[in-house]
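Bear in mind these aren't lab numbers, they're just calculated from the coordinates by the rules spelled out. Just so it is clear, the model here is predicted, and its values are computed rather than measured. Reconstructed Cβ throughout: ideal geometry from the backbone, glycine too, with neighbour counts over all protein chains shown.
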Amino acid sequence: MKFITASVVAAALLTAPVANADTSDQQFLNLVHSNGVGGQDDTLISYAHEFCDSAGGFPPSTLALFGQGVVPAQLYVVWVAAQRTYCPSKIVSPQTPPRVYHGGSL
């Protein structure tokens, strides 16, 4: 009887789906929601893609997000999450400040 039970458990484990890493959409949503931003997931994802594809201004999904309770100040969170997840080339890094000579050796 123990052998049959062990065989059934082993067979179940072999047929269980393999766990995959989060998709980029799920990573994006985790970042957004963990920072207290609401809104419907599909609208947030659409907005993020529109943001990454735009050259500036407000993406078309902006008003839809506002209608879902996202406040303008929360858009920054969505922008950062979108940049980190979908368009890292849009992340702006501060320039290194110039070295200042103070009369000693460099």
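Just a few scattered comments:
- Cα gyration tensor category, rounded, prolate or oblate, for region 21-90 with a/c compared to 1.5: oblate
- Remark: relative contact order (region 21-90) = 42 percent; criterion is Cα-Cα distance under 8 angstrom and separation of 6 or more residues.
- Taking label points 7 Å from Cα along the Cα-to-Cβ direction, ILE91 and PHE66 give a separation of 3.0 nm.
- Virtual paramagnetic centre 7 Å along Cα→Cβ of GLN26, amide N under 20 Å, in region 79-93: 81-87
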